[in-house]
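Participant: Structure below; questions to follow.
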Amino acid sequence: MKKLFCLALSLMLLGALSGCRDLIFSSGPADEKPVIYLYPEEETEVTVRLDYQGALTCTYPALSEEGTWTVTAAPDGTLTGGDGREYYCLFWEGTSHWDYDFSEGFCVKGEDTAAFLEEALAELGLTEREANECIVYWLPRMEQNPYNLIAFQGEAYTDRAPLTVTPAPDSVLRVFMAWQALEEPVELPEQELPAFQRQGFTLVEWGGAEITK
């Protein structure tokens with residue numbers, strides 16, 4: 001009888017802990033698939049430190065205990081870790097309680113999302129390859145929605161996920177798209193997208209967050 005009681009109590013505790021895990025990871029939007037590309041002018045050892053104001057859920061390659069990646073970067077963007085393994089980017093994801101800025105943005109029909117992203121990402125400065133990788137990640141979740149509310153984040157993102165890079169890049173582009181599926185269109189001021197000029201050692205990043213009710 002005591003064994004049955006202990007077993008039941010254990011199952012109840014496991015269920016409670018599972019509920020806590022669900023609460024922790026669903027309490028804020030996920031900052032998904034920020035990927036970082038490094039393009040030095042010559043082969044260079046680069047250290048990238050991420051100070052994320054949230055809970056990291058995945059990094060690849062794994063961050064060090066100090067919260068850094070150290071890789072040898074080639075001009076074509078190939079990254080080589082200390083173990084000799086090659087990567088094309090640095091990847092991380094996390095959850096947060098951030099408020100994103102939707103004071104300006106775009107309301108786009110779901111069926112027009114691919115064309116919109118092609119144009120917007122090119123205007124922001126992503127190469128076709130970088131934009132393609134961004135689009136194929138997000139499009140399956142966006143194109144079937146009646147409408148998508150989209151706003152590219154500036155300091156609302158970069159201030160909460162600062163990067164410290166050694167040696168420092170000559171140019172940095174960090175594209176982060178917050179978006180929400182809508183049943184009906186909304187009106188909002190159209191966001192002006194700044195142009196970007198790649199010069200010297202360049203760091204490029206893209207990522208996003210789906211905002212759900």
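The values are calculated or read from the model by the stated rules, or taken from the named source; none is laboratory data. Bear in mind the structure is a predicted one, so any value in this text is a computation, not a measurement. Cβ: placed from backbone, ideal geometry, glycine included. Neighbour counts: every protein chain shown. Accessible surface is based on the protein model in full, side chains and every heavy atom, while ligands, DNA and RNA are left aside. Shrake-Rupley method; radii C 1.70, N 1.55, O 1.52, S 1.80 Å.
Participant: Name the single residue, out of those in the range 55-90 being open to solvent by 40 Å² or more (accessible area, probe 1.4 Å) and among the hydrophobic types (A, V, I, L, M, F, W, C), that is farthest from Arg198 (Cα to Cα).
Facilitator: Ala55
Participant: Residues that are of a type outside the set (Lys, Arg), over 27 Å from Gly67 (Cα atoms) and within 18 Å of the chain's Cα centre (by Cα): list the helices (runs of 4 or more DSSP H) wholly contained in the range 96-203 that include at least 1 such residues.
Facilitator: It comes to 113-124, 128-138.
Participant: Of all residues in the range 107-123, which are touching a residue at least 12 places away in the same chain (Cβ under 8 Å) and over 27 Å from Glu183 (Cα atoms)?
Facilitator: Residue satisfying the conditions is Glu123 alone.
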